[in-house]
1. Considering segment 211-225 alone, what residues qualify as being in a loop (DSSP other than H, G, I, E, B), surrounded by 12 or more Cβ atoms within 10 Å (Cβ to Cβ) and not β-branched (Val, Ile, Thr)?
2. Could you give every pair whose Cβ atoms fall below 6 Å, whose first residue belongs to segment 199-217 and is within 17 Å of THR167 (Cα to Cα), and whose second residue is at pLDDT below 95 and among the β-branched types (Val, Ile, Thr), counting only separations of at least 6 or pairs across chains?
3. Kindly list the number of the only condition in (1) assigned to a helix (DSSP H, G or I); (2) farther than 23 Å from SER208 by Cβ that fails for LEU95.
4. Pick from segment 152-210 the residues that are of a type in the set (Ser, Thr, Tyr) and part of a helix (DSSP H, G or I): which of them is surrounded by the most Cβ atoms within 10 Å (Cβ to Cβ)?
5. Step by step: first the residues of segment 26-38, then only those that are surrounded by 14 or more Cβ atoms within 10 Å (Cβ to Cβ) and of a type in the set (Val, Ile, Thr), then the one that is modelled with the lowest pLDDT. Which residue is that?
6. For ARG102, which of the numbered conditions (1) within 30 Å of HIS162 (Cα to Cα); (2) modelled with pLDDT of 95 or more; (3) more than 24 Å from the chain's Cα centre (by Cα) fails to hold?
7. Criterion first (at pLDDT 95 or above and of a type in the set (A, V, I, L, M)) does ALA46 satisfy it?
8. Which ones in segment 34-64 are assigned to a helix (DSSP H, G or I) and among the acidic types (Asp, Glu)?
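The values are calculated or read from the model by the stated rules, or taken from the named source; none is laboratory data. From a predicted model like this one, the values you see are computed outputs, not experimental measurements. Reconstructed Cβ throughout: ideal geometry from the backbone, glycine too, with neighbour counts over all protein chains shown.
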Amino acid sequence: MVLAVEVQPVSTPLNGLAKAPRRAAGRVRVESILDATDRLIGDAGADGLGLPAVAAAAGTSASSLYHFFPTLDALLTALLGRYNARQDQWLARALTENAPYRRWADLLNTQMRAARTFYDQHPVYGALMRRALASPVLRQADEAHVMEMGRTMAGVLDACFHLPPVTDLERRAALVVMMIDRLWAQLPLEDGKISSFCFEESRRMAESYLANYLPAYLAPKDVAA
């Protein structure tokens, strides 16, 4: 069985922009601003971050930065969107490379382990996820991405298995993603990474929820690329 996972993330690097750049120079400037923000958060965290410091780190004027990102939340939303787009591709590769799956729980576990690795290897992404708990703007952007991930998860499940009728499977899959995200963002990290306790509890929670709608074993499909 060959599985090809296609993702069309709703969050893109340009989310949060007051005005999308039309010229190549503007796009380069936006990327340099996002790169500078990434470095600053990586060095000192997201708390206390300000737009003047970002402008200085990016080597651009404050007016140029405000032209694209009028608020700090707009800037962080764009950076979160860039990470979300990267994570989508990361998870798609992991799901494709580890197919075929004997049980839907194996597919879920593969997706969660890949997400954990991405989270652990990108501490700035984790910092943005934790900040989203207190920022309505970032939380809204993250919830839009969660819904897209739910659609992707439901599509992969349907591609791999003969599913029973499940009402709102995409929405239920999105709830699973949201539960995992919130748990990982709120529980303490261990040496800057998701602890084994946190991961195992989130895995049990996700499996237990989906088990209300999916039997433990489903007939697999033959999937061609």
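1. Within segment 211-225, the subset in a loop (DSSP other than H, G, I, E, B) is 211-219, 221-225.
Among the residues that remain, those that are also surrounded by 12 or more Cβ atoms within 10 Å (Cβ to Cβ) are: 211, 213-214, 218, 221, 223.
Result: ALA211, TYR213, LEU214, LEU218, LYS221.
2. Taking only residues 6 or more apart or on different chains, the pairs are TYR213/VAL166.
3. So LEU95 meets the others, but not (2).
4. Let us first name the residues in segment 152-210 that are of a type in the set (Ser, Thr, Tyr), namely 152, 167, 195-196, 202, 208-209.
Checking the rest, the ones that are also part of a helix (DSSP H, G or I) come to 152, 196, 202, 208-209.
On the way: THR152: 24, SER196: 10, SER202: 22, SER208: 9, TYR209: 15.
Across segment 152-210, the extreme among qualifying residues is THR152.
5. Our first condition is that a residue be surrounded by 14 or more Cβ atoms within 10 Å (Cβ to Cβ); within segment 26-38, this holds for 26-27, 29-38.
Keeping just the survivors that are of a type in the set (Val, Ile, Thr) gives 30, 33, 37.
On the way: VAL30: 92, ILE33: 95, THR37: 97.
Only one residue tops the list, namely VAL30.
6. (2)
7. Numbers: at pLDDT 95 or above: no; of a type in the set (A, V, I, L, M): yes.
Considered against the rule, which asks whether it is at pLDDT 95 or above and of a type in the set (A, V, I, L, M), ALA46 comes out as no.
8. Pass one, segment 34-64, residues assigned to a helix (DSSP H, G or I): 34-44, 51-58, 62-64.
If the condition is that a residue be assigned to a helix (DSSP H, G or I) and among the acidic types (Asp, Glu), then ASP35, ASP38, ASP43 are the ones that fit.
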